[in-house]
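The values are calculated or read from the model by the stated rules, or taken from the named source; none is laboratory data. A quick note: this is a predicted structure, and the numbers were derived from the prediction, not measured. For neighbour counting, all protein chains shown are included, and Cβ atoms are generated from backbone atoms with ideal geometry for every residue, glycine included. Keep in mind that these areas ignore ligands, DNA and RNA; they rest on the heavy atoms of the full protein, side chains included. Shrake-Rupley method; radii C 1.70, N 1.55, O 1.52, S 1.80 Å.
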Amino acid sequence: MKKSELKKQILELLGGTAGRSMTKSELARELGIAPKERAEMRTLLDELLASGELKKGKKARFEPQSKAGERGILVGRIRIFPRGHGTVYPDARQEENAESGFDLDEVKRIYVPDRKTGTAMDGDTVAVRVEMKRGRDGEMEAQGAVERIVERAERLVVGVYFNRGGFAYIQPDSEALPTTMELDEVCEEAQNGMKVAVELVEWRQGEDPRGRVKEVIGWPDQPGVDILSVVHKYGLQMEFPERVLDEAHAVAEEVDDEQRRRREDWRDRLVITIDPVDAKDHDDAVWVERQAGGGWKLAVHIADVSHYVKPGTNLDKEAKRRGNSTYLVDRVLPMLPEELSNGICSLRPDEERLTKCAVMEFDERGKMVKAEFVDAFICSQAKLAYEQAQEILDGGAAPARFKGDLKKELEKMVREAWKLASLLRKRRFENGALDLEMEEIKVMLDGEKRATGVVKIEHNESHQLIEEFMLAANEAVAKKLRDRQKPAIYRIHADPDPEKLMEFAELARAHGYAVGDLTNKRHIQDLLDEAVGTPEEHNIKLGLLRSLRRAEYSEQPLGHYGLSKGDYAHFTSPIRRYADLVVHRALQGLLTNPPEQLDRTMKQSQCAETAEHISDTERTSSFAEQETKTLKLLEWLETSRTSESPPIFEGVITEVRSMGMFVEATDIMQKGLVKYEDLPGRGWRFEGGRAAFVGPRGVALQTGMKVELGVVNVDFVEQRVDFEILGVIGDPNERALGKKKAKGLPAKSRKGAKKKASQGRGERKGRFSKKKTTRKSGRKVGKKVARKATKKASKGGPRKAAAKKSGRGRRKR
């Protein structure tokens, strides 16, 4: 091929709306360059770099220089939602955004309509052409269209595998992708109907994506396959590379004499851990002592991971790549191998462990008056679960395994610790911190990891005690690093967007609250206090959280809005967060007993790059954690819905519209919809002025009312629940709803109720095709069903079926 022709093809391939960044190998494969001709191609690429026609992006990828820094174009990571639309979060650190013409303090997110996402996939870094337009609420917002893919996320596409006469394809789980993804080759290990994880090979505008199978996950109805699908979807790592495990195995399991001589010895003091009952990675321990002259002395001991994980080692590189541990509903994907996370670094009772310790002194009012930091070693004398610590705080005794003086001393210290923690908590809220604690639920699983029920997690004084001590240590460390101007990573939380606060104000008014000036945090906290104990408390707090920006990491100490702290960093969990490990290394030179040889620390630019990366990994883990929790909750709701005695939930009406009403089952913190056709009885009319449904006898259903709810349908595709109202709680006119309750079921015939419980509303009304139900729900696909689904899905050929359903190359909306 002539040099001029090759140059033209390279520039055409990388440029335009279908363009993307590519490596040398990808370019050679795409252009069909023979191995013997690749040297010529590499020379040409070097010339194009030198001339400025191309630039080198991340991970040795080439991209057109003209696309970087173009006005009207912003680069950022895209989040694709189930319905196909996306949100791009531009990064101020990206040099391409400097010449965009936009103020990134104002353009924090960009809405991308579903038909303008191009070939972008969730997590990709994209360049979007941005315009300021009026949104659906009438306010101006940034809207964009994807111009090109800057960098593909390292994620796999999960879907159901089919092979029709040698033509292999998958039907992706994601509704945001086309209904068919072709495969380069048949996978011999996969059978029709199995879930597989597929690596994207190519996706051009106007064409179906192509990929190759990387892993066979299993049959959709097999236990654990649903969670494994989420793991692959978000690109999470379950196994550690051998080189990382080798380093972990080589770590000494005992504290050596040299470290004992250098460090402060805390083994004779009552240092204790308070954690969840099933915790294995204990990364913090505390000691509290009342001072003779008044006030308290608090020591927060944190596992000294930095002693075992050195900069630049394979352990360090893998920890940085993961960014954090991920806590899925049925398993933990740790940042560090178990030899460290559950072994030598975990502050287990009666075992010597190395720590970094923040020793703080507080006066009688709970004000910190002194803080210093030391390397220490401890031998934890008590491991308490939160429930056991709470028993002591409630006036009970320590667990029976503690005897004599140790038991008395333990009980005394836990109670003294709460006196200090309660003062710290009071001061924090007086200084403007927001009480954003949300009730949580835990889905219980059986031995086969199937959902069996839910329990609420109580966030009581024992949790608050540890929380306040960790916050105090984090703040003290951040102040020290900032004062000494040490490059580090800080935890920041920016002030909210005033427009988002206005939206939250409207939500609060809809619930009947008088809203003050929400730019004043005192007014926000007054509103939160007023909502405590009310049916809408959860909805109010959730509305506020949605109006706030997401906390993230930064190389600059920009403050934390929610905590109302000017200096804040993460120091207390280095076993599960890489940010804390960076902070530990930065702190080494500021210890009262620093090691002779300090670890290499990051420069400011490296801190900035790492902060961006771990903010992304944290966000990814959060999405994955929530999705697995939701999947298991929906699994339990579907199973219990079809049981002989379906559960009835307490709930509250959160919003009323003409098509129905939004509700929340407060027992399980699950939102859902009561459709108009599912209202009890007949004769309901919507009154827009009151935002209520009024029945034939004058009874009204409106926002804020407590109701009893039953589950009508569970949609695993959109992760949505449809409810029906079975009664109004505390309403003397309950009978006007036209329903009577008998044994937890509405007053329809038992036969009708069982029929309703045994089949979803969407299936009865034909809302979903059999192909979609089989593919998406993942609940009824066994080997027999999969074979039937294969025949139906493949009738007329997969290409024809896909084209007929949604058009070739277009996303399913």
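Out of curiosity, is R546 more than 22 Å from S573 (Cβ to Cβ) and surrounded by fewer than 20 Cβ atoms within 10 Å (Cβ to Cβ)?
yes
Among the residues of segment 274-292, write down those that are in contact with an Asp or Glu (Cβ under 7 Å, 6 or more places away or on another chain) and within 30 Å of K442 (Cβ to Cβ).
V277, H282, V288
Just one of (1) in a helix (DSSP H, G or I); (2) open to solvent by 40 Å² or more (accessible area, probe 1.4 Å); (3) under 19 Å from W287 (Cα atoms) trips up E372, so point out which.
(1)
Quickly run through segment 680-702 and pick out the residues that are assigned to a loop (DSSP other than H, G, I, E, B) and either touching a helix residue (DSSP H, G or I) at 6+ places or on another chain (Cβ under 6 Å) or open to solvent by less than 10 Å² (accessible area, probe 1.4 Å) (or both).
Passing the criteria: P680, G695, R697, V699.
May I ask you to say which residue of G432, G404, G395 is at positive phi and touching a helix residue (DSSP H, G or I) at 6+ places or on another chain (Cβ under 7 Å)?
Only one candidate qualifies: G432.
Identify, please: which residue in segment 517-541 is at pLDDT below 85 and in contact with a Lys or Arg (Cβ under 9 Å, 6 or more places away or on another chain) and is, among those, nearest to Q604 (Cα to Cα)?
Filtering segment 517-541 for residues that are at pLDDT below 85 and in contact with a Lys or Arg (Cβ under 9 Å, 6 or more places away or on another chain), the one nearest to Q604 (Cα to Cα) comes out as N539.
List the number of the failed condition for D330; all other conditions in (1) at pLDDT 95 or above; (2) touching a helix residue (DSSP H, G or I) at 6+ places or on another chain (Cβ under 6 Å); (3) over 20 Å from T592 (Cα atoms) hold.
Among (1) at pLDDT 95 or above; (2) touching a helix residue (DSSP H, G or I) at 6+ places or on another chain (Cβ under 6 Å); (3) over 20 Å from T592 (Cα atoms), the lone unmet condition for D330 is (1).
Which of the residues belonging to segment 515-533 are under 25 Å from V707 (Cβ atoms) and open to solvent by 40 Å² or more (accessible area, probe 1.4 Å)?
E530, V532, G533
Being part of a helix (DSSP H, G or I) and surrounded by fewer than 18 Cβ atoms within 10 Å (Cβ to Cβ) is the filter here; which residues of segment 589-607 pass it?
G589, L590, Q604, S605, Q606
Take K632 and decide whether it is among the basic types (K, R), open to solvent by less than 10 Å² (accessible area, probe 1.4 Å) and either modelled with pLDDT of 90 or more or closer than 22 Å to K541 by Cα (or both).
Considered against the rule, which asks whether it is among the basic types (K, R), open to solvent by less than 10 Å² (accessible area, probe 1.4 Å) and either modelled with pLDDT of 90 or more or closer than 22 Å to K541 by Cα (or both), K632 comes out as yes.
Go through segment 218-227 and report how many residues are at positive phi and outside any loop (DSSP other than H, G, I, E, B).
1
Within segment 657-693, how many residues turn out to be out of contact with any Gly (no Cβ under 9 Å at 6 or more places or on another chain) and β-branched (V, I, T)?
1
Can you tell me which residue is nearest to F362 (Cα to Cα) among those in segment 421-457 that are open to solvent by 80 Å² or more (accessible area, probe 1.4 Å) and basic (K, R)?
Per the stated criteria, the residue is K426.
Any chance you could count how many residues in segment 172-197 are within 23 Å of the chain's Cα centre (by Cα) and open to solvent by 30 Å² or more (accessible area, probe 1.4 Å)?
2
Only helices (runs of 4 or more DSSP H) wholly contained in segment 228-324 count here; list those with 2 or more residues that are under 30 Å from V216 (Cα atoms) and within 31 Å of the chain's Cα centre (by Cα).
242-249, 314-322
Yes/no per residue for (1) without any contact (Cβ under 8 Å) to a residue 60 or more places away in the chain; (2) within 22 Å of H493 (Cα to Cα):
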position: I378; (1), (2): no, no
position: A389; (1), (2): no, no
position: F402; (1), (2): yes, no
position: E439; (1), (2): no, yes
position: H463; (1), (2): no, no
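Based on this model, can you work out whether A299 counts as without any contact (Cβ under 8 Å) to a residue 12 or more places away in the chain and either open to solvent by 10 Å² or more (accessible area, probe 1.4 Å) or not basic (K, R) (or both)?
no
Can you find a residue that is modelled with pLDDT of 90 or more, within 21 Å of D124 (Cα to Cα), of a type in the set (A, V, I, L, M) and open to solvent by 10 Å² or more (accessible area, probe 1.4 Å) anywhere in segment 147-154?
Scanning segment 147-154 turns up no residue that is modelled with pLDDT of 90 or more, within 21 Å of D124 (Cα to Cα), of a type in the set (A, V, I, L, M) and open to solvent by 10 Å² or more (accessible area, probe 1.4 Å).
Name every residue in segment 217-252 that is surrounded by 15 or more Cβ atoms within 10 Å (Cβ to Cβ) and farther than 25 Å from E625 by Cβ, in order of residue number.
E247, V251
For segment 173-212, which residues satisfy the criterion of being part of a strand (DSSP E or B) and farther than 19 Å from K233 by Cβ?
E182, E202, listed by residue number.
Residue check: is I729 modelled with pLDDT under 85 and touching an Asp or Glu at 6+ places or on another chain (Cβ under 9 Å)?
In short, yes.
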